[in-house]
Amino acid sequence: MTGSSDDQPARSVDAVVIGAGHAGLAISHCLREQGVDHVVFERGEIANSWRNERWESLTLLTPNWQCRLPGFSYSGDDPDGFMSMSEVIDFIERYAGKIDAPVLTRTEVTSVRRNADQYEIATATGNWRSRAVIVASGACNLPVFPPVASASPALVSTLTPHDYRNPSQLDDGGVLVVGASATGLQLADEIQQSGRAVTIAVGEHVRLPRIYRDRDIQWWMHATGILDESLDEIDDIVRARNIPSPQLVGSRDRQILDLNAMSDLGVRLVGRLMNFNGTVAQFSGSLRNVCALADLKMGRLLDTIDEWAARQPEAESFSPPERFARTRIDDHPCLTLDLDRDGIRTILWATGYRPDYQWLDVPVLDRKGKLRHDGGVVSDSPGMYVLGLPFLRRRKSSFIHGTEDDARFIANHLTGYLARQ
Amino acid sequence: MSESTSSVDNGVNVEALLGAREALSQAPEAAQFKWRATCDWVKGTHSKSSVTSFFGLGEEQQHRREFTFEADHPEVFASEDLGATPVEVVLCGLASCLMAGVAAVAQHRGIQLNSVKATLEAGMDIQGILGIDADVRNGFDGINVSFEVDGDASAEDLEALVAQSQKRSAVFDIVTNPTNVNVSVTKTG
């Protein structure tokens, strides 16, 4: 024996799961319940992305009471709190231990190929063959940059939320945060508070209050059934899957993190970053409209919540409806900014994430590089599934607690597929 | 939000638009359009532009007839005022684009429109175009658009119509965001 994995015969198993985050572990639990022989490949450690690719102050957007996985739920003494990264890692590790998941850590998958009715999986520690594959490798593996990023002036350092840990790693100068979803606002907040002047470039965004009528917004979204909305109730699923994460933070003081809060801190709001002309950044004149769209959309959501609340037997027990101030915009928001003259030394691209499918050698991606699937059942590749993507089957699919329904559906579908094969 | 219903008629064929959206998402190459205009100098600051053809859906397309637009400068600029000033033509383009969007979105959302009027005003410091002060830009220092909408919906829903129209408007994008402009010159005659 040479010890080289290439010389070993491929091991066989009914199903392989790629990724041991919350989604991969949830499906592993459901597969075991169904008696499906499987292994879970993990490139690093359990909960690897949560461990290595997140900033220090990050907390979940969902309160602890909402955090659960199949056969497991939050059992601590702070149900209304929000888990820090170390608590999330601990939660997922304890889950892996409880369900005794068959995880192979430090086993990066380098290739998945289809060969007739089987999949051939090459990993760092050997080759495998399976009848089914579940892709649970995450939705946020790689940062996404807009095309304008390639023209960033040389005088600024650029970084992404994957590299960012805390403000102390930044130059003392000003910071341009590009993107106003949860990531952009959370980072703009802590960087501004570190004493660096922050400018935030704002495109389309989703505004949500953390607390509404004295209850967490997630409580309302859950109670009204909005989080349970499924694929077939949505007109345009592509749009629903691309909605940026709402402007929320899970902080101890339940702060409302919106653009007005940014303005109160002294953060400068500018429109979407459109272009660089040398050291001059050019911003869109659409700032007022993107804020109007978000204000109106939030208003419609609160109307929906109020209508639901009024129909409940306990309607009287809810605090009265509230409406929030419109987003305040300067009369003449800045359209061009010379980064050099303005002292901006860092650009932080909070412009989204995408999955990494470089290892996937099966033609299942669309022209935009997204996995083609119908509610987690990958198109044109029988036996292949995906889990852990935004609005996979329901609006709540984006959250840890939304994984359970999706995992149970996929485990059932997969079991039926194996039985028919 | 209610979908388009048969009782609402703003004169927009939303079904055809949605069909085109679906078809073009499957065939993105057919979505590549080229818009054109020609402009002839008449005399002084007076010019006449026309549009006849464009390219789209993979082939040459013709307007039903040639449309012409005359432009000039006003008498306060020592011109003859034989047409709108070009910057007013830009305002007309923005207004018409937003208006078309309002009607289409209203139809899609099942909102009957009775009347819609947009009034536009754009500020300009002409020290820019006259070369008096290099710090003053040539173009508008801002554009204000006021919509008056009489339609069968709440004030918020009507405001949302206009907001959605801006979101999907080509001219709104053209005036709010930078565009590369390439101008070439050929000696003729």
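The values are calculated or read from the model by the stated rules, or taken from the named source; none is laboratory data. Quantities reported herein were computed from a predicted structural model and do not represent experimental measurements. Quick reminder, even Gly has a Cβ in these numbers, built from the backbone with ideal geometry, and neighbours come from all protein chains shown. Each accessible area value is taken on the protein alone, full model and side chains, heavy atoms only, with ligands, DNA and RNA left out. Shrake-Rupley method; radii C 1.70, N 1.55, O 1.52, S 1.80 Å.
Can you work out the PRE-style zone for A:THR105? Point 7 Å along Cα to Cβ, and I want the residues of segment A:148-170 with backbone N under 18 Å. From segment A:148-170, the list is empty. When shorter helices are ignored and each DSSP H run of at least 4 residues is given -39500 (n - 2.57), the per-residue value for chain B at 222 nm works out to -9500 deg cm²/dmol. Its Cα centre serving as origin, segment A:256-351 has a Cβ charge dipole (Lys and Arg +1, Asp and Glu -1) of approximately 380 debye. Charge dipole of the protein assembly as shown (Cα centre as origin; +1 on each Lys and Arg Cβ, -1 on each Asp and Glu Cβ, all else neutral): 1400 debye, rounded to the nearest 20.
Taking the C-alpha atoms only, the angle from helix A:182-193 to the longest principal axis of chain A is near 50 degrees. By accessible area, using a 1.4 Å probe on protein heavy atoms only, chain A has 46% of its surface on carbon and sulfur.
With the charge dipole of segment B:12-84 set up from +1 on Lys and Arg Cβ and -1 on Asp and Glu Cβ about the Cα centre, the Cα lying farthest toward the positive end among the listed residues B:TRP41, B:PRO28, B:LEU18 is that of B:PRO28.
Helices in chain A, meaning DSSP H runs of at least 4 residues, each add -39500 (n - 2.57). Divided by all residues, the mean residue ellipticity at 222 nm is -8000 deg cm²/dmol.
Computed extension length for B:GLU22-B:THR38: 2.5 nm, one decimal, from 0.36 nm per residue of separation with the Cα-Cα distance subtracted.
Given a 1.4 angstrom probe, what's the average accessible area per residue across segment A:143-349, in square angstrom?
Details: 9230 Å² over 207 residues.
Here the residues of segment A:143-349 average 45 Å² of exposed surface.
Could you tally the net charge around A:VAL177, taking each other residue with its Cβ under 15 Å from the Cβ of A:VAL177, Lys/Arg +1 and Asp/Glu -1? Show your work: numbers first, answer last.
Numbers: positive: A:ARG196, A:ARG268, A:ARG272, A:ARG345; negative: A:ASP163, A:ASP171, A:ASP189, A:GLU190, A:ASP258, A:ASP342.
It works out to a net charge of -2.
Between A:GLU93, A:GLU108, A:GLU33, the residue with the greatest mean-square fluctuation in the GNM of chain A (Cα pairs under 10 Å linked by springs) is A:GLU33.
A straight Cα-to-Cα reach below 25 Å connects B:LYS48 with the lysines B:LYS34, B:LYS187, residues fewer than 8 places away in its own chain not being considered.
Which is the longest part of chain B that has none of the trypsin sites (Lys or Arg not before Pro) sitting in a DSSP loop with at most 15 other Cβ atoms within 10 Å? It runs B:37-136.
Over segment A:109-259, what relative contact order in percent results from Cα pairs under 8 Å that are six or more residues apart?
Numbers: 157 pairs, mean separation 25.2, N = 151.
Relative contact order of segment A:109-259: 17 percent.
Charge dipole of segment A:192-253 (Cα centre as origin; +1 on each Lys and Arg Cβ, -1 on each Asp and Glu Cβ, all else neutral): 520 debye, rounded to the nearest 20. Say R0 is 51 Å: what FRET efficiency, to the nearest 0.05, do B:THR186 and A:LEU155 get from their beta-carbon distance? With a Förster radius of 51 Å, E is 0.80.
When the Cα positions of A:SER194, A:PRO313, A:PRO143 are compared along the charge dipole of segment A:143-349, A:SER194 comes out farthest toward the positive end, with charges on each C-beta of Lys, Arg, Asp and Glu. Determine the residues within segment A:193-240 where the difference in accessible area between the chain on its own and the full set of protein chains amounts to at least 20 Å²; count protein heavy atoms only and use a 1.4 Å probe. Residues losing area: A:GLU204, A:ASP235, A:ASP236, A:ARG239.
Each chain gives up part of its surface: A and B jointly bury about 1400 Å² of accessible area, both sides summed, for a 1.4 Å probe. Cα gyration tensor of segment B:85-177, axes a ≥ b ≥ c as square roots of the eigenvalues: rounded (a/c below 1.5), prolate (a/b > b/c) or oblate? In terms of gyration-tensor shape, prolate.
If you add up the charges near B:ALA71, with Lys and Arg at +1 and Asp and Glu at -1, over every other residue whose beta carbon is less than 10 angstrom from its beta carbon, what do you get? Local charge sum for B:ALA71: -2. For chain A, a Gaussian network of Cα nodes joined below 10 Å ranks A:ILE46, A:ILE92, A:ILE226 by mean-square fluctuation, and the top entry is A:ILE226. Legend: residue pairs A:LYS396/B:LYS167; B:LYS43/B:LYS117; B:LYS43/B:LYS167, Cα-Cα distance threshold 29 Å; pairs beyond threshold, B:LYS43/B:LYS117; B:LYS43/B:LYS167. Note on the protein assembly as shown: dipole from Cβ charges, positive end direction compared against A:HIS205, A:GLN8, A:SER251; the farthest Cα belongs to A:GLN8. Separation of segment A:6-74 and segment A:301-337, taken as the distance between their Cα centroids, equals 37 angstrom.
Take A:THR158, A:THR415 and sort them by solvent-accessible surface of the protein heavy atoms, 1.4 Å probe, largest at the top.
Numbers: A:THR158 70, A:THR415 40 Å².
Result, largest first: A:THR158, A:THR415.
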